[in-house]
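Every read-out reported here was derived from the displayed coordinates using simple, explicitly stated rules and does not represent laboratory data. This is a predicted model, so every value here is computed, not measured. Glycine gets a Cβ as well: all are built from the backbone with ideal geometry, and neighbour counts include every protein chain shown.
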Amino acid sequence: MPKDSGIGASSKRREDIRFLTGDGNYTDDINIHGQAYVHFLRSDVAHGTLNSVNTDAAAAMDGVVKIFTGTDFEAVGSIPCGWQVTDKHGEVMQEPRHPVLAHGKVRHVGEPIAAVVADTPEQARDAAEAIEVDISELPAVIDMKEAVRDGAPKVHDDLTGNLCYDWGFVEENKGAVDAAFEKAAHVTTLELVNNRLVANPMEPRVAVGDFARSTGDYTLYTTSQNPHVIRLLMGAFVLGIPEHKLRVVAPDVGGGFGTKIFHYQEEAFVTFAAKACNRPVKWTSSRSEAFMSDAHGRDHVTKIELALDADNNFTALRTDTYANMGAYLSTFAPSVPTWLHGTLMAGNYKTPLIYVNVKAVFTNTVPVDAYRGAGRPEATYQLERLVDKAAHELGVDPIKLRRQNFVTEFPYATPVAVEYDTGDYIATMDKLEEMADVAGFAARRQESEAKGRLRGFGVNCYIEACGIAPSNLVGQLGARAGLYESATVRVNATGGLVVMTGSHSHGQGHETSFAQVVAEMIGIDESMVEIVHGDTDRVPMGMGTYGSRSLAVGGSAMVRATEKIIAKARKIASHLLEASETDVELKDGAFTVAGTDKSVAWGDVTLAAYVPHNYPLEEIEPGLEETAFYDPANFTYPSGAYACEVELDPETGQVTVERFFAADDFGNIVNPMIVTGQVHGGLAQGIGQALMENCTYDADGQLLSASYMDYAMPRASDLPFYDVDHSCQTPCTHNPLGVKGCGEAGAIGSPPAVVNAVLDAMRSGGKDVSHIDMPVSPHRVWEAMNS
Amino acid sequence: MTQVKMTVNGKTASGHVEGRTLLVQFLREDLGLTGTHVGCDTSQCGACVVHVNGQAVKACSMLAVEADGADVATIEGQAAADGTLNTIQQAFQDHHGLQCGFCTPGMVMSAAALLKDNPKPTVAEVRHYLDGNICRCTGYHNIVKAIMAASGQDIGAIAAE
């Protein structure tokens, strides 16, 4: 019987009520009396010298409060980067200055040049049109390989070139890897592109800055996945505001997918301008602005090679990747193609020798950073495409080749520095084969062919590393932040609890699932637990939500804090029960003396904590409030096996995903309904990447896909129902909940299955194409079929 | 500035607007009905769908002055006065048809318009009807399921979970 509450129950989401009735409180819903509005004038050229910005005419227009340009920010810090990568020669990466408003040069279409603050949004926009900008256009570098050629135009004149870093991992293994390739019985090689994407949370970014002159206190309301990180980065590095004078609030946030992790210029601007204008200042991004100012994702060009012995065992793997950084280093950009990508190249396989090279490159494009999966989809895509290609070259079944090379014993130390604690890749593959009815495929293919369609079947496996940590390790790897999480549990006198978590929910349903955990630990009703997040004045310093870390890290902090609460409550209870602490047990919301019917209810204990008349004051303080900071011992390693069936119309090249199967191992699960929903959303984004999404620049650096009429967002009619299973569960061994994280799996695991299925369909139509790049648009498929 | 007067969720509402003021701006900024959202600037995303004289309309594609005298319904008027969710809203919660909630008001309003015209749609009809509503969180699976359930149809045949 499924549980109806607590850990393991599909509790309905409490946050749904406000979202379903129009009562959510998103940042754009926040209006402060007297606020002004900012409109950013953005560069319409990709690269140029900024000769002058004449604001005279604009400043005289109705409603204009003040106009800002780059010179106003000369004394202000650079937008900081939160991760410093050290290259294969031991040198630190090149790190350019990233101004709030462009100064001297513009480096990508969309870079803000000037900002007009006015009484109304319309007045700000009208005045921005009257600003005269004189730019001498320079040749733009868009293609990464062109950007690193000798003599290429430099994005940053003060850097040695456009190479941010050249990273080798593990550099000491390179000789052994090359030697293994020399001895290989078979080598499979693949060159591919991991297409550039735009995260596109449905809520565009918004920032509202406020400044109280009488106290010197700043408040920033912003669409962030991690308000404390913004407070630290913006306060300490950009504006010089001490944290106790700066409050950052991220209220209801309409999706993030990574792109709302980062600290953006617009946040610093509204905070700065609120003081300069002595008025609250609000910025609401349009979708068009979002396309050219939200950090983009993916954009790798890779050559990958697999060495196999005569028995088809993987003996070595090496990769050579170019990773686009865009024009500036977004907050965590350098970590994505390195520590979130290179460390995952072993995949689910026991390949003994691996070498990964990554060249990170500056181009005249929007900065690129983490997007759902962040480095792990790129690793999974290249590896799982390559394994499929090897299977076809060798004439063996792709599933069999995978099974033969699976890691089967845990813990398993990969040759790329990480140790998988648990997993069962055979179990998820078994489950997948059962779900997907592999045996019935031939009949389904016949049915498709009878309609003049080709049908293809593709599989892949994936492994990911979630819950990024531990802090002392990531510090060695270049992180400029700790990656713990915090929680404060405040128990009220009448027994209800408020949990203040450093994790941030922007669609994940933490208010429901986190409450399930705490309620279960104490044995009380979920409705007695309230979850608070997203406000630096209310919750302790926390690192926020990304990398599928909320439950594994934030949930663990909450468990630790709740354990402290229970320990203290037990002391109080043992006093009230006049029993030894060791004899008192907590069950179903009451403390009972073991083996007796003597008990005291949770609410009586909490009341005693705040009305300590009969209380061991000489031993413990009154009150019941505890905080925990949890720093994990390792990453978590969710894994799984995915399968896709496509139909392909050879006349048009149109591909439709007919069936999609996901067998995941997320360890223990708190709310199966929410977990399933997370997988669904990830699958849609992965299928979107594989089939239709593509962020495209022309050779001059003009962004060609800057609206929903040009960037193909998946619609309901583009996607199938998904078949999702998470019954294979190998609990994480090093966090108290045994959970692994589920937020990114779908996006990581689905693109290779789709493309492998498309290639299978094409083969069945007599066209043995070994490679096609994403998105597998009708145009590309038709060309491949007719080449 | 022009005066506009309309009925919104059964109550009379009026205000002074510029000629270029969109209906969605009037609802959000003048009336404070912030449940109707703006997710794009090309009338693609559908987060701003409301009903005007019983028809689903993207409130970003209609001027406030065009709605003068109209009967407008928004997400804020969908639940009963005591807070009880309507059938579609309840189905969205029951079937986890929303995550971040930003597209949700538009989805609910579109679904209501669909079921009014076509009380027992097929899955394909639901998916086709939602072409003007983009969701980035759910992959649409549970939205389609919720709408099918709200129509009173058996959803047992829809893929596991």
note = Around A:GLU464 (Cβ within 14 Å, Cβ-to-Cβ, excluding A:GLU464; K/R +1, D/E -1) the net charge comes to -2
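Exposed loop sites here are GluC sites (Glu not before Pro) in DSSP loop states with at most 16 other C-beta atoms within 10 Å. What is the longest stretch of chain A lacking them?
On the way: sites that count: A:GLU74, A:GLU91, A:GLU409, A:GLU578, A:GLU618, A:GLU619, A:GLU651.
Between exposed loop sites, the widest span is A:92-408.
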remark   = Calculated from DSSP helices alone, with each H run of at least 4 adding -39500 (n - 2.57) and the total divided by the residues of chain B, [θ]222 nm to the nearest 500 comes to -7000 deg cm²/dmol
message = Counting only helical runs of four or more DSSP H residues, what would the 222 nm mean residue ellipticity of chain A come to if each run contributes -39,500 (n - 2.57) and the total is spread over all its residues?
response = -8000 deg cm²/dmol
message = Taking R0 as 45 Å, what FRET efficiency do you get between A:THR408 and A:THR160 from their Cβ-Cβ distance, rounded to the nearest 0.05?
response = 0.45
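Counting other Cβ atoms within 10 Å of each Cβ, which trypsin sites (Lys or Arg not before Pro) in segment B:4-37 have at most 12 and sit in a DSSP loop? Intermediate results must be reported in sequence, preceding the final value.
Details: sites: B:LYS5, B:LYS11, B:ARG20, B:ARG28; in loops: B:ARG20.
The qualifying sites are B:ARG20.
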inquiry  = To make sure I understand the rule: partners must be lysines, Cα under 19 Å from the Cα of A:LYS154, and not fewer than 8 residues away in the same chain. Which ones qualify?
reply    = A:LYS105, A:LYS145, A:LYS359
Per-residue Cβ neighbour rank within 10 angstrom, fewest leading, B:GLU66, A:GLU203 = B:GLU66, A:GLU203
remark   = The ³J(HN,Hα) series, computed from each phi in segment A:425-431 with the Karplus coefficients 6.51, -1.76 and 1.60 at θ = phi - 60°, rounded to the nearest Hz and given as x for glycine or proline, is 6, 5, 5, 5, 5, 4, 4
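Other chains near A:673-684: what is the mean number of their Cβ atoms within 10 Å of each residue's Cβ? Let's see the in-between values first.
Numbers: counts 5, 2, 1, 5, 11, 4, 3, 10, 10, 2, 2, 7.
The mean count of partner-chain Cβ atoms within 10 Å per residue comes to 5.
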task = Name the residues whose placed amide hydrogens come within less than 5 Å of the amide hydrogen of A:GLY667, ignoring near sequence neighbours (fewer than 5 apart) on the same chain.
result = A:THR730
query = For segment B:91-98, in order, what is each residue's ³J(HN,Hα) by Karplus, 6.51 cos²θ - 1.76 cosθ + 1.60 with θ = phi - 60°, in whole Hz (x at glycine and Pro)?
reply = 5, 5, 5, 4, 10, 6, x, 8
ask   = A:ALA442 to A:SER214: extension gain in nm, 0.36 nm per residue of separation minus the Cα-Cα distance?
value = 74.6 nm
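How large is the Rg to Rh ratio of the protein assembly as shown when both quantities use alpha carbon positions and Rh follows Kirkwood?
Working: Rg = 27.9 Å, Rh = 28.9 Å.
Taking Rh as the inverse mean 1/r over Cα pairs, Rg/Rh reads 0.97.
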note = At the level of C-alpha centres, the distance separating segment A:543-618 and segment A:90-126, in angstrom, is 52 Å
ask   = Which far-off residues, 5 or more places away or on another chain, put their amide H under 5 Å from the one on A:VAL248, with H placed in the peptide plane?
value = A:LEU220, A:THR536, A:ASP537
message = Rounded to whole Å, give me the distance from the Cα center of segment A:663-742 to that of segment A:328-393.
response = 17 Å
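Hey, fewest Cβ within 10 Å first, where do A:ASP143, A:ASP158 land in order?
Details: A:ASP143 17, A:ASP158 8.
Starting with the residue having the fewest Cβ neighbours, the order is A:ASP158, A:ASP143.
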query = For segment A:460-503, list residues with backbone N below 16 Å from a point placed 7 Å from the Cα of A:ASP604 toward its Cβ?
reply = A:494-495
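Could you please rank A:ILE32, A:ILE531, B:ILE143, placing first whichever residue has the fewest other Cβ atoms within 10 Å of its Cβ? Provide the component values of the computation, followed by the final result.
Working: A:ILE32 16, A:ILE531 24, B:ILE143 30.
Least crowded to most crowded, the residues run A:ILE32, A:ILE531, B:ILE143.
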Spatially proximal lysines relative to A:LYS3 (Cα-Cα < 21 Å; intrachain offsets below 8 disregarded) = A:LYS12, A:LYS587, A:LYS740
remark   = Taking a straight Cα-to-Cα line shorter than 17 Å from B:LYS120, and setting aside same-chain lysines fewer than 8 residues away, one finds B:LYS145
Euclidean distance between Cα centres, segment A:755-775 to segment B:89-127, Å = 36 Å
For A:715-728, mean number of other protein chain Cβ atoms within 10 Å = 6
request  = Rounded to whole Hz and in sequence order, give me ³J(HN,Hα) for segment B:120-133 from the Karplus expression 6.51 cos²θ - 1.76 cosθ + 1.60, θ = phi - 60°, writing x for Gly and Pro.
outcome  = 10, x, 7, 4, 4, 5, 4, 4, 5, 5, 7, 4, x, 10
ask   = Around A:LYS66, which amide H atoms from residues at least 5 apart in sequence, or from another chain, sit under 5 Å from its own amide H, with H modelled in the peptide plane?
value = A:VAL117
